[in-house]
Amino acid sequence: MITLFHRPKTRATRFIFLLEELEAPYTVRTVATRNRDGSGAADPANPHPHGKVPAISDDGTVVFESPAIALYLTDKFPKNGLGPVVGDAQRGAYLSWLAYYGGVLEPAFVSKFMKVEVPRGTAGWVALEEVLPAVMQRLSPGPYMLGERFSALDVLYGTAFAQLAQLLPKSPLLEEYVQRVVARPAYARALAKDAG
Ligand SMILES: N[C@@H](CCC(=O)N[C@@H](CS)C(=O)NCC(=O)O)C(=O)O
């Protein structure tokens, strides 16, 4: 049984979405985390090394960091095809764009939000202005990151774009993509569960 360490309205919410898409058995354990202003404290019950959410425990096997959790869950629950498994022709693209999410896209958004110039050539990520055309090119055949196939990538990218819309240029492609992702019944169920 999967336990999701969770705090409402955080990056953990999208994992309720993914678990609902996967039709996986899970329980949600709400934990405290530090707040955005630095107040509060990590919850000793949370196995994430920095007390962040999400983290999961699968009967004692702990996984943390969103791309790793997504990969673990889609490998563990392959029934609904939310992640190409080993041997699938799309596995390489899946792994690449999962790693890109944590290593490039999120840092690019944070750099933009904090108005910090990205030291191109030194940082392992690039500016949002360079990230977005790459993601949009990936999305342009559509309708999803893996073409016709909805995957855990869309859970990550779609919800990130929905939350960070104010940092995005006006783009029908991105707006329609976000609408497609958030219109899924599993997303509505996740929001209802997130609210408690
Ligand atoms: N790199 C982590 C980021 C997780 C993260 O920063 N989560 C926030 C909530 S959205 C958090 O737990 N903040 C509390 C803290 O930083 O202590 C991931 O992608 O899973």
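The values are calculated or read from the model by the stated rules, or taken from the named source; none is laboratory data. Values in this document were obtained by computation on a predicted structure and should not be read as measured data. A quick note on method: Cβ atoms are made from the backbone with ideal geometry, for glycine too, and the neighbour counts reach across all protein chains shown. Ligands, DNA and RNA are excluded from the accessible area calculation, which covers all protein heavy atoms including side chains. Shrake-Rupley method; radii C 1.70, N 1.55, O 1.52, S 1.80 Å.
Below are the figures for this structure:
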item	result
Cβ-defined net charge surrounding residue 108, 14 Å radius [Lys, Arg +1; Asp, Glu -1]	-1
Apportionment of accessible area to carbon and sulfur, the stretch 1-112, percent (1.4 Å)	55 percent
Residue with peak Gaussian network fluctuation, the chain [Cα springs, cutoff 10 Å], from 63, 181, 126	126
Positive-pole candidate from 161, 114, 61, dipole of the chain, charges at beta carbon	114
Unit charges at the beta carbon, dipole of the stretch 13-160: most positive-side option, 84, 35, 136	35
Potential lengthening between residue 41 and residue 59 on full extension [0.36 nm per residue; Cα-Cα distance subtracted]	4.0 nm
Net charge dipole size for the stretch 1-134 [Lys, Arg +1 and Asp, Glu -1 on Cβ; Debye, nearest 20]	360 debye
The chain pair-distance distribution - Cα-Cα, 5 Å bins, rounded %	1, 7, 15, 19, 21, 18, 12, 6, 1, 0
Radius ratio Rg over Rh of the stretch 65-167, counting only Cα atoms, Kirkwood formula for Rh	0.98
Solvent-accessible area per residue, Å², over the chain with all protein chains present [probe radius 1.4 Å]	50 Å²
Formal net charge of residues neighbouring residue 93 (Cβ-Cβ distance under 15 Å; K, R +1; D, E -1)	0
Nitroxide proxy distance, nm - points 7 Å out along Cα→Cβ at residue 9 and residue 68	2.9 nm
Whole-number percent relative contact order across the chain, with pairs defined as alpha carbons under 8 Å at least 6 apart	21 percent
Proximal charge balance of residue 34 [Cβ under 11 Å; K/R count +1, D/E count -1]	+1
